[in-house]
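One structure below.
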Amino acid sequence: MKIFIDTWGWLALGDRKEKRHQEIKTWYSTIHLNAGMIYTSDYVLDETFTLLFRRLDYKKAIHSLESIQDSVHKHFIKIIWMNPSRFEKAKELRRKFSDKPLISFTDLTSMAIMSEFEINDILTEDSHFLQVGLGFKRIPED
C-alpha cells in the first residue's frame, strides 16, 4: 500500500487541536502496522513545518519535525525531492488545469510526484485532488 501525505495530513497528525487528529493518528498507526509505505515531498514538508511552528509552541513543533525525520530514517516515510523534471511536470499540470486556479503549485507538485510513483491514495481534505480526474482518492474517506 502506497499513500501520499499532504500538508493537511501532517498538520492533523501533529496538532491535537485539529478536529480529526485522533482519527488520523489511529489511521497512521494502522498503516504503519500493516507495513504500508508513506510518501511525501520536500515541498509538502516545507509547508508543514512552516505551519506547525506558527500554530504550536516550539517544543510541540520540534517534536513533530523530529518524529517525521525519525520515520524517514526508519524507512517508513519516503521523501520525494523536487527536481527539474518534476517541476516541469507540475508546470504542465498548471497549464492543463487552467480552469482550476485555486490549486496551489505545491499541490500540483504532489500530483506530479503521485503520478510518477503511481500513488493513488492521499491523506488530505483538499478536494483539488479529486477534481483533476487523475484517479486520486482521499483517505480516509469522509
In the range 122-138, the residues that are of a type in the set (A, V, I, L, M) and over 12 Å from TRP8 (Cα atoms): LEU130, VAL132, LEU134
Residue in the range 3-14 that is open to solvent by 80 Å² or more (accessible area, probe 1.4 Å) and at pLDDT 90 or above present: no
Positions within the range 117-142 being more than 14 Å from the chain's Cα centre (by Cα) and either open to solvent by less than 30 Å² (accessible area, probe 1.4 Å) or among the polar types (S, T, N, Q) (or both), in sequence order: GLN131, VAL132
Count of the range 128-142 residues which are in contact (Cβ under 8 Å) with a residue 24 or more places away in the chain and in a loop (DSSP other than H, G, I, E, B): 3
Selected residue (criterion: least open to solvent (accessible area, probe 1.4 Å)) from residues of the range 59-68 that are of a type in the set (A, V, I, L, M, F, W, C) and over 17 Å from THR124 (Cβ atoms): ALA61
Members of the range 77-116 that are in a loop (DSSP other than H, G, I, E, B), in contact with a strand residue (DSSP E or B) (Cβ under 9 Å, 6 or more places away or on another chain) and exposed (fewer than 14 other Cβ atoms within 10 Å of the Cβ): TRP81
Residue ID - farthest from PHE136 (Cα to Cα), chosen from residues in the range 47-58 that are of a type outside the set (A, V, I, L, M), in contact (Cβ under 8 Å) with a residue 24 or more places away in the chain and open to solvent by 10 Å² or more (accessible area, probe 1.4 Å): ARG55
Residue match in the range 86-98 (condition: free of Cβ contacts under 8 Å to residues at least 24 places away in the same chain and on the phi > 0 side of the Ramachandran plot): no
So SER71, is it touching a residue at least 12 places away in the same chain (Cβ under 8 Å), surrounded by 14 or more Cβ atoms within 10 Å (Cβ to Cβ), outside any loop (DSSP other than H, G, I, E, B) and out of contact with any helix residue (DSSP H, G or I) (no Cβ under 7 Å at 6 or more places or on another chain): yes
The range 15-45, residues that are in contact (Cβ under 8 Å) with a residue 60 or more places away in the chain and surrounded by fewer than 15 Cβ atoms within 10 Å (Cβ to Cβ): GLU23
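The values are calculated or read from the model by the stated rules, or taken from the named source; none is laboratory data. Since this is a predicted model, take the numbers as computed values, not measurements. For neighbour counting, all protein chains shown are included, and Cβ atoms are generated from backbone atoms with ideal geometry for every residue, glycine included. Surface accessibility is based on the protein's heavy atoms, side chains included, excluding ligands, DNA and RNA. Shrake-Rupley method; radii C 1.70, N 1.55, O 1.52, S 1.80 Å.
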